[in-house]
Amino acid sequence: MADLEETVVRFVEDVCQAMGMSLTGHLEHSGDGLRVNLDGEGGDVLLRRKGEALDALQHVTNTLFRKQLGSEHHIVIDCMNFRRAKDAELRQMAKFLVEKARETGVQQEIGPLNPYARRIVHLAVAEDPAATSESIGDAFLKTVIISIRKA
């Protein structure tokens, strides 16, 4: 597994170098996969337009290494803690919407979200046993519906 982890980091660094950025990847293990934290010169290019290039790099990397890692493991790519901050924001919003659904009795919507962001929301909602969430839509970007289970 260590060789695969090194290959993942090297791939991400090589893609960044090909894009004209001098970034170094630092590997971190998360509960369900790997996290590659990027630091260095030019990383702001990945963060433009709400991190679209960072999302694309993460998607390509996950697609490329899916067979070797298995479907239950994910690769998260972050640059200058951009994703860490966005993930915290998403978790906070999901918890707020759970409370709003509880208070009003009306299901709440968040989205459209990419698969990674939806996963963050679903995990945050799952922390509350009274709440439930589901993705709706048939495109890459979907909406998450948050509701409270009927007693």
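Here Arg49 fulfils each of the conditions (1) within 25 Å of Ser147 (Cβ to Cβ); (2) surrounded by fewer than 11 Cβ atoms within 10 Å (Cβ to Cβ) apart from (1). Listed here are the strands (runs of 3 or more DSSP E) enclosed by segment 54-151 that have at least 3 residues being touching a residue at least 12 places away in the same chain (Cβ under 8 Å) and of a type outside the set (Gly, Ala, Ser): 74-79, 108-113, 142-148.
No lab work stands behind these numbers, since they all come straight from the coordinates. Since the model is a prediction, treat every value here as computed from it, not as a measurement. Because the Cβ atoms are built from the backbone with ideal geometry, glycine has one as well, and the counts that use them run over all protein chains shown.
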